[in-house]
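We did not get these values from a lab; they are worked out from the coordinates using the rules stated. Predicted model, so just to flag it, every value in this text is computed and none were measured. Positions of Cβ are generated from backbone atoms using ideal geometry, with glycine treated the same way; all protein chains shown enter the neighbour counts.
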Amino acid sequence: MKIAVVGTGYVGLVTGTCFAETGNKVTCIDIDVSKVKRLSEGQITIYEPGLEKIFLRNLKEGRLKFTIDLATGISEAEIVFLALPTPPGADGAADLKYVLGVAEDLGKIMTAYKVIVDKSTVPVGTADKVKEAIALNYKGEFDVVSNPEFLREGVAVDDFMKPDRVVVGTDSERARKIMGDLFAPFVRQGNPIIYMDERSAELTKYAANSFLATKISFMNEIAQLCERMGADVDMVRRGIGSDDRIGKRFLFPGIGYGGSCFPKDVQALIRSAEEISYDFKILKAVEQVNAHQKLHMVEKIEQYFDHQLKGKKLACWGLAFKPNTDDIREAPALEMIRVLLEKGASVTAFDPEAMSNVKQLLGDQIQYANSQYDALNEADALIIATEWSEFRTPDFEMMEARLKSKAIFDGRNLFDVKQMKNMGYYYESIGRK
Ligand SMILES: NC(=O)c1ccc[n+]([C@@H]2O[C@H](COP(=O)([O-])OP(=O)(O)OC[C@H]3O[C@@H](n4cnc5c(N)ncnc54)[C@H](O)[C@@H]3O)[C@@H](O)[C@H]2O)c1
Ligand SMILES: O=c1ccn([C@@H]2O[C@H](COP(=O)(O)OP(=O)(O)O[C@H]3O[C@H](CO)[C@@H](O)[C@H](O)[C@H]3O)[C@@H](O)[C@H]2O)c(=O)[nH]1
């Protein structure tokens, strides 16, 4: 099939590359001229395990192309995916200016039937708005489908190629058939395409992310109880996770959820509910718990230093919002660092992939180390903010030789509490004593 993908950010690039990989001809369109140039020249613009190899193969074999021109990009496409940003507006609701702007432009240049697919995370009712925006200028036939994306950064290729499910929201038989054919190679593992109306599909995406965020905030509150009651959250997690009704995944307490999706989508669903005068109480609590959890480790650090952080040199392992990505959007590490700097500490950080993004944001407000061990030189304590696998089994002797004081504040529960104490470390983690 011939496909266009508008927006070559995280979702657009993965979507375009994976559709090319299954034999489709894909043109990706972006307004960012330098991004399009780099991608056309074979330079991948995001760090995502497994993506570069298939990106390069499909680029070389001519199934994947990039352009800045919307009209050229969509001219032959039967299906046009919108993978555009939907950032929070001033009131927290999703800002639809990118999606609706492109929809209006599409109406001006479409000359034949196409399926326009909302892949971005958009509030309920957006498919109708997209239809209206296209219909302002285009009087021919077209369909708008809601096809929310559920990929996780770091495992995006696998998530896209072997999805748990594909949600297709449409009332059009014609669009349903086209989407079914397109996704057939991805659901052959037995996982379903779930067809529904557009509004239910739009809400499914927010409900999924909000439910997952709720699980995390719930576990972060259980971790708070564990710390106060002398219980161990790892045990409680295993104890409840083995019940199929609860499930083992997404029960890890830590320094709060971050990333480009959970914070924005939880906030947007709260606002959507408010617009129809519904008070979404649970989600408001989920947000509050998360805001507090991001600074829970700072409280522990302050206590350790008797509230005297001025002049303290802190090492930080991990900056990305989670491992296997260079994405730092809403990364809890950055919020922690902001507060620690405010309180007078200095920070030397190491992250395997995210440092250049952080340099652009924070410049010389912090120092950047060449390795995880270099970050420890003369440090008064180590903070662990992202669970990169290389941080899980470090050389403790090397750490001891470099740290000024053997104190570790582990926001990701990487090490065994007893073992750390036996090695003479002052060791604080989340929900464990
Ligand atoms: N990042 C994720 O893991 C993820 C997963 C699922 C869903 N989503 C949702 O998908 C959407 C896109 O997210 P993302 O992380 O890929 O965003 P992103 O910010 O990484 O990328 C968006 C891209 O769109 C481009 N763009 C903006 N205006 C444009 C225009 N008029 N024409 C062409 N291109 C334009 C930008 O230059 C950018 O490259 C959001 O709604 C997000 O919530 C994201
Ligand atoms: O048990 C857990 C699991 C995750 N997290 C944190 O939650 C955040 C989000 O993690 P994850 O969901 O793995 O990353 P994303 O790539 O943001 O993916 C989420 O957001 C995407 C964008 O909407 C969706 O497509 C995915 O299904 C959804 O998992 C990160 O800060 C994690 O550290 C925890 O604290 N504890």
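Points worth noting:
- For the chain, the relative contact order is 12 percent, taking Cα pairs closer than 8 Å that sit 6 or more residues apart in sequence and dividing their mean separation by the residue count.
- Lysines whose Cα lies under 24 Å from that of residue 310, excluding same-chain neighbours fewer than 8 positions away: 294, 300, 343, 359, 404, 406
- With 0.36 nm allotted per residue and the present C-alpha distance subtracted, the residue 56-residue 308 stretch has 85.6 nm of extension available.
- Modelled this way, with points 7 Å down the Cα-to-C-beta line, the labels at residue 281 and residue 43 are 5.4 nm from one another.
- For the chain, convex hull of alpha carbons as volume per residue, Å³: 154 Å³
- For the cross-link pairs 248/418; 37/322; 53/97, the ones whose C-alpha atoms lie over 30 Å apart are 53/97.
- At R0 = 51 Å, FRET efficiency that the Cβ-Cβ distance of residue 273 and residue 433 yields, to 0.05: 0.85
- Separation of region 284-349 and region 24-89, taken as the distance between their Cα centroids, equals 35 angstrom.
- Sparsely packed loop sites in region 1-59 (the GluC sites (Glu not before Pro) outside DSSP H, G, I, E and B with at most 16 other Cβ atoms within 10 Å) comprise 41.
- Among the GluC sites (Glu not before Pro) found in region 105-167, those both in a DSSP coil and sparsely packed, with 13 or fewer other Cβ atoms within 10 Å of their Cβ, are 141.
- Modelled FRET efficiency - R0 51 Å, residue 97 with residue 238, Cβ distances, 0.05 increments: 0.65
- Nitroxide proxy distance, nm - points 7 Å out along Cα→Cβ at residue 34 and residue 211: 4.1 nm
- Anchor residue 205: lysines whose Cα lies under 16 Å away (excluding residues fewer than 8 positions away in-chain): 119, 215, 264
- Pairwise centroid distance, computed over Cα atoms, of region 361-407 with region 98-154, Å: 46 Å
- Under 18 Å from the residue 172 label point (7 Å along Cα→beta-carbon), backbone N, region 124-161: 125-148
- Straightening the chain between residue 377 and residue 155 buys 76.6 nm, computed as 0.36 nm per residue apart minus the Cα-Cα spacing.
- Close amide H partners of residue 327, meaning residues 5 or more places away or on another chain with modelled amide H under 5 Å apart, are 321.
- Neighbour-limited loop hits for chymotrypsin sites (Phe, Trp or Tyr not before Pro), region 52-113 (at most 13 other Cβ within 10 Å; DSSP other than H, G, I, E, B): 113
- The P(r) of region 2-196 has a tail past 20 Å containing 53 percent of all C-alpha pairs.
- Here region 193-221 is scanned for amide nitrogen atoms under 11 Å from the site 7 Å beyond the Cα of residue 246 along Cα-to-Cβ, giving 219.
- Computed from the C-beta positions of residue 165 and residue 426, the FRET efficiency with R₀ = 35 Å rounds to 0.15.
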